[in-house]
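Reading through the structure tokens given below for one structure.
The values are calculated or read from the model by the stated rules, or taken from the named source; none is laboratory data. The structure displayed is predicted, hence computed values, not measured ones. Neighbour counts run over all protein chains shown; Cβ positions are idealised from the backbone, glycine included. Surface accessibility is based on the protein's heavy atoms, side chains included, excluding ligands, DNA and RNA. Shrake-Rupley method; radii C 1.70, N 1.55, O 1.52, S 1.80 Å.
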Amino acid sequence: MGVSLVRVFKAFDECEGKLKYVLNDFSLDIEDGEFICILGKSGCGKSTLLNLIAGYLKSDNGNILVNGKEVEAPSAERGVVFQQHALFPWYTVAQNIEFGLKIKKKRDSKKIVDKYIDLIGLQGYENKYPSSLSGGMAQRVGIARALANDPEVLLMDEPLGALDAMTRDTMRKELIKIWKATNKTIIFITHSVPEAVYLADRVVLLKEGKIEMLEKIDIPRPRNTKSVEFMKYVEMFEKGLTDNLDEAVITE
Ligand SMILES: Nc1ncnc2c1ncn2[C@@H]1O[C@H](COP(=O)(O)OP(=O)(O)OP(=O)(O)O)[C@@H](O)[C@H]1O
Ligand SMILES: [Mg+2]
């Protein structure tokens, strides 16, 4: 079933009634369990796309279906993780993960929290507060909180963007582990081409409201970021992005 976007249009009022189409007849089918990365220059509509799937925004036209059901509002079926973690500072790690769980029976929710604490490797941190966590740890708690609701789809908007290079590298590996362990469909936005090529089954390059490039990454995991085939994909997408940049310079 997965996620289907069918001829989606979304415009914003740019100034005094002039509409700017951020998504312009955008279509994409994402399979169940697929890992999709979305690339595109700043302002091209990546977050808009994610917010439409999350149900935070409404499209002007077209259909967005998750497992065959039209998206109408935000739902626990679609877990969202942002660039900056949005943990509650007054709750502990465990309470943050537990927050929003539909199951309110203490014993069951403890089991779920324990399961995700294990998955993100934060055993021993259950009773710590977010202020005492590093950025990478806090982001892992955010991922666990989204997963605890057992969503159909995990939507991630530059979730590793605020982390230092080493932590980011570790988190990429962790994320593949989590994805394999949970079989979730993941839609992941990033500015980093190597990150997209490392993570994704397929990479989408968004330009002018449409898909400019859509490529399956045909490299077995774990992927060696230094290999020739890896670099070929990186160069291809970087070229796609630079072409965009050239145009931006000419038109702006
Ligand atoms: N609520 C809004 N009202 C008006 N315009 C908006 C709104 N949200 C986004 N836009 C505009 O839509 C375009 C796409 O924004 P979006 O946030 O989706 O880009 P993005 O690709 O996520 O960029 P970045 O990489 O910088 O995060 C931008 O031109 C932005 O100014
Ligand atoms: Mg964005």
Problem set entry | Global size of the chain as Cα Rg and Dmax, reported in angstrom | 18.6, 61
Problem set entry | Cα-Cα over 20 Å, subset of Lys20/Lys41; Lys128/Lys173; Lys10/Lys216; Lys46/Lys177; Lys20/Lys58 | Lys128/Lys173; Lys10/Lys216; Lys46/Lys177
Problem set entry | Cβ charges +1 (Lys, Arg) and -1 (Asp, Glu), total dipole of the range 121-173, debye | 200
Exercise. Out of Glu158, Glu72, Glu229, any idea which swings most in a Gaussian network model of the chain, alpha carbons joined below 10 Å?
Worked result: Glu229
Seminar exercise, completed: CD proxy, 222 nm, the chain: helix-only mean residue ellipticity via -39,500 (n - 2.57) per DSSP H run with n ≥ 4, per residue, nearest 500, stands at -12000 deg cm²/dmol
Problem set entry | Shape metrics for the range 1-150, restricted to C-alpha atoms - Rg then Dmax, Å | 18.0, 55
Problem set entry | Solvent exposure of the range 40-106 as accessible area per residue, Å², 1.4 Å probe | 53
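More than 20 angstrom separation, counting every C-alpha pair in the range 120-252; what % is that?
When all Cα pairs of the range 120-252 are counted, 52 percent exceed 20 Å.
For the range 1-138, give the magnitude of the charge dipole about the Cα centre (Cβ charges: +1 Lys/Arg, -1 Asp/Glu; no others), in debye to the nearest 20. Show your work: numbers first, answer last.
Values: 18 positive and 17 negative charges, 112 e Å.
That gives a dipole near 540 debye.
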